[in-house]
Amino acid sequence: MASHGHGPFIAAIDQGTTSSRCIVFDRDGRIVAVDQKEHEQIFPRPGWVEHDATEIWTNVQEVVAGAVGKAGLTRADIAAIGITNQRETTLIWDRTTGEPVHNAIVWQDTRTDALCRELGRNVGQDRFRRETGLPLASYFAGPKARWLLDNVDGLRERAARGDLLFGTMDSWVIWNLTGGIDGGRHVTDVTNASRTMFMNLHTMEWDDKICESIGVPRRMLPEIRSSAEVYGEIKGGVLGELLGGIPVASALGDQQAALFGQTCFAEGETKSTYGTGTFMVMNTGSKIINSYSGLLTTVGYRIGEADPVYALEGSIAVTGSLVQWMRDQMGLISTAAEIETLALSVEDNGGAYFVPAFSGLFAPYWRSDARGVIAGLTRYVTKAHLARAVLEATAWQTREIADAMTKDSGVELAALKVDGGMTSNNLLMQTLADFLDAPVVRPMVAETTCLGAAYAAGLAVGFWNGTDDLRANWRRAAEWTPRMDAETRDREYKSWLKAVERTMGWLDES
Ligand SMILES: Nc1ncnc2c1ncn2[C@@H]1O[C@H](COP(=O)(O)OP(=O)(O)O)[C@@H](O)[C@H]1O
Ligand SMILES: O=P(O)(O)OC[C@H](O)CO
């Protein structure tokens with residue numbers, strides 16, 4: 001059997017929106033091996049996005065075995081394994097067969113728009129915000145679970161019999177890793193639970209009244225645990241043979257994991273992750289800050305029995321995916337990196353502003369009736385100006401969230417720690433520093449999401465002694481300082497905000 005918690009490495013699984021990966025880290029937080037596999041994006045109708053959870057579980061097993069194999073390790077070398085995941089993506093499965101009852105409904109999916117409006121009318125927006133920290137929006141898991149119960153034949157009866165389990169992807173992966181139908185643990189962590197709309201932020205427990213008003217039986221929900229503790233051990237299946245006995249010792253939603261991996265342990269410290277979407281998260285310590293500016297109040301992390309650490313979050317649905325759209329749908333570039341070369345071929349945006357409200361606007365607006373707009377077009381505008389406008393869209397959306405965070409928390413942004421695929425774009429990073437009027441800093445280990453999950457798992461098994469050990473691992477790789485004059489910044493910001501206004505109300509309520 002495994003040597004529990006004594007091996008010199010920690011593994012972390014990142015079950016993301018487009019792929020699943022596993023990274024093995026050493027004690028200094030350095031990457032030893034990586035394996036990754038994409039899964040299919042299923043679009044049954046416009047606005048609907050699904051994943052095949054069985055494919056995801058197969059991929060997770062493959063990447064764990066792959067990373068461990070590449071590193072040449074055995075179970076005795078690995079002290080623990082941690083999990084981080086795309087958040088809100090919702091699954092219901094049968095505990096007796098281990099089979100999902102339907103594809104997972106992905107966080108970007110907008111099918112519950114009408115249901116959310118109805119809940120808003122019947123129960124009231126404020127009630128959800130007050131108890132869960134979240135506005136009523138199709139983004140979150142609760143209404144997705146209700147949709148499944150309403151729309152998959154026989155589900156309510158099966159739920160009443162106690163055969164069905166609800167979970168976000170952390171729960172699905174942990175249940176399978178720890179034995180599945182043979183005693184798998186049905187748990188979630190506080191960070192993932194805080195995105196369901198079922199958890200009361202103040203008690204950190206499922207809120208019976210809210211579950212009832214959304215219409216999902218509480219008995220389907222997993223047990224809420226901390227983000228760093230041993231939930232169980234790897235057991236059964238392919239991984240059981242290879243890595244059986246390794247403690248499964250952390251779970252964090254991917255944006256909270258990045259906060260942890262960026263070592264934002266002090267109140268006011270903030271990170272922003274630039275991938276398909278962008279998620280800016282500020283540590284607010286023991287304070288539950290109610291947002292009046294369109295941010296989410298969420299759980300940052302909870303380490304074992306310690307008090308929970310809360311956070312404010314600004315979620316942007318479309319950033320890197322706009323670059324993909326320029327590449328795949330418009331054919332204006334052939335690789336994502338080319339957006340920078342193209343944008344650098346001109347001095348400015350030529351008067352064009354691009355607001356990519358492709359699936360409505362998330363923070364700080366939460367408007368599902370908004371759709372994308374390119375404003376300020378004249379014959380002067382070229383594809384290079386559009387490339388600038390694409391990058392500026394990401395930077396302005398970040399600026400809007402930074403403003404909201406300052407308003408809600410009273411804390412001025414001292415510096416922004418960044419990570420994610422888009423941070424390899426130097427022009428974007430400089431633009432960000434210019435628009436924020438604050439330094440932007442990128443760490444040496446850009447894989448902060450997996451690193452955060454590894455750190456939490458390592459703390460749970462005593463591999464690292466405390467957060468000071470982790471801070472010591474953080475190293476700056478690059479920094480961008482603001483160079484734009486205030487007058488230009490303010491003028492451009494006004495134009496951006498005018499363009500945003502023009503996206504609203506495009507869709508009719510019906
Ligand atoms: N040099 C670049 N400039 C702008 N965007 C980029 C660049 N390289 C990658 N991207 C964008 O970053 C995203 C990939 O980042 P990643 O962190 O892997 O995303 P995720 O974890 O959300 O899948 C893609 O949407 C891609 O378009
Ligand atoms: O998998 P990512 O990196 O696109 O992250 C998705 C977020 O967790 C959605 O809230």
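For the reader, a short list of remarks on this structure follows.
- The range 416-501 - Debye-derived log10 I(q)/I(0), Cα point model, q = 0.10, 0.16, 0.21, 0.24 Å⁻¹: -0.39, -0.74, -0.97, -1.12
- Helix 426-436 vs. the chain, principal-axis angle (Cα, 0 to 90°, nearest 10): 80 degrees
- Over all other residues within a Cβ to Cβ distance under 10 Å of D163, the charged ones net out to +1, with Lys and Arg as +1 and Asp and Glu as -1.
- Divide the volume of the convex hull around the Cα atoms of the range 215-263 by the residue count and you get 138 Å³ per residue.
- Segment R27-L332, length gained on full extension (0.36 nm per residue, minus Cα span): 105.4 nm
- Distant-in-sequence amide contacts of T284, defined by a placed amide H-H separation under 5 Å and a gap of 5 or more residues or a different chain, comprise G268, Y310, A311, L312.
- For the chain, the dipole from Cβ point charges (+1 on Lys and Arg, -1 on Asp and Glu) about the Cα centre works out to 400 debye, to the nearest 20.
- Grouping the Cα pair distances of the range 1-82 into 5 Å bins from zero gives a pair-distance distribution of 3, 15, 23, 20, 14, 10, 7, 4, 3, 1 percent in increasing distance order.
- For the range 183-276, average projected area of the Cα convex hull in nm²: 8.7 nm²
- Here the chain has 48 percent of its accessible surface on carbon and sulfur atoms, given a 1.4 Å probe and all protein chains in place.
- When only alpha carbons of the range 83-138 are considered, Rg and Dmax amount to 14.1, 39 Å.
- The HN-Hα couplings worked out from phi for the range 132-138 by the Karplus form 6.51 cos²θ - 1.76 cosθ + 1.60 (θ = phi - 60°) are 10, x, 10, x, 6, 8, 5 Hz, whole numbers, x standing for Gly and Pro.
- Note on the chain: dipole from Cβ charges, positive end direction compared against G82, Q61, L497; the farthest Cα belongs to L497.
- Computed log₁₀ I(q)/I(0) - Debye formula, equal Cα scatterers, no solvent, the range 297-357, q 0.12, 0.14, 0.26, 0.27 Å⁻¹: -0.52, -0.61, -1.15, -1.19
- Mean separation of Cα contacts under 8 Å (6+ apart) over length of the chain, as relative contact order %: 15 percent
- Cβ-based charge dipole, the chain, positive-most Cα from W366, I288, T96: W366
- The chain, helix-only ellipticity at 222 nm - DSSP H runs n ≥ 4, -39,500 (n - 2.57), divided by all residues, nearest 500: -10500 deg cm²/dmol
- Residues with amide H under 5 Å from that of A33, placed H, sequence gap 5 or more: V24
- The chain: angle of helix 141-151 to the longest principal axis, Cα-based, in degrees nearest 10: 70 degrees
- Our summary gives the range 351-510 a relative contact order of 28 percent, counting only alpha carbon pairs under 8 angstrom and 6 or more residues apart.
- Between the amide H of G420 and those of Y274, T448, distances stay under 5 Å, these residues lying 5 or more places away or on another chain, with hydrogens modeled in the peptide plane.
- A straight Cα-to-Cα reach below 12 Å connects K235 with the aspartates and glutamates D182, residues fewer than 8 places away in its own chain not being considered.
- Listed residue pairs exceeding 21 Å between alpha carbons, taken from K407/K494; K287/K407; K70/K417; K209/K407: K70/K417; K209/K407
- Karplus-derived HN-Hα couplings along the range 107-115 (A = 6.51, B = -1.76, C = 1.60, θ = phi - 60°), whole Hz, x at Gly and Pro: 3, 6, 5, 10, 5, 9, 3, 5, 4
- Among beta bridges identified by DSSP and lying wholly in the chain, the antiparallel ones come to about 70 percent.
- Accessible area expressed per residue, the range 360-420, with surrounding protein chains retained (probe 1.4 Å, Å²): 40 Å²
- The chain: angle of helix 383-409 to the longest principal axis, Cα-based, in degrees nearest 10: 70 degrees
- Shape descriptor for the chain: Rg over Rh equals 0.96 (Cα atoms; Rh from the Kirkwood inverse mean 1/r).
- Inverting the pair-averaged 1/r between distinct Cα atoms of the range 208-366 gives 19.3 Å as its Kirkwood hydrodynamic radius.
- Taking each residue as 0.36 nm, the span from W325 to A486 lengthens on full extension beyond its C-alpha to C-alpha distance by 54.8 nm.
- ³J(HN,Hα), Karplus 6.51/-1.76/1.60, whole Hz, each residue of the range 155-172, x for Gly, Pro: 5, 4, 5, 5, 5, 5, 6, x, 7, 9, 10, 9, x, 8, 5, 4, 5, 4
The values are calculated or read from the model by the stated rules, or taken from the named source; none is laboratory data. Just so it is clear, the model here is predicted, and its values are computed rather than measured. Ideal geometry is used to build each Cβ from the backbone, glycine not excepted, and the neighbour counts take in all protein chains shown. When the accessible area is computed, the model is the full protein with side chains, heavy atoms only, and any ligands, DNA or RNA have been set aside. Shrake-Rupley method; radii C 1.70, N 1.55, O 1.52, S 1.80 Å.
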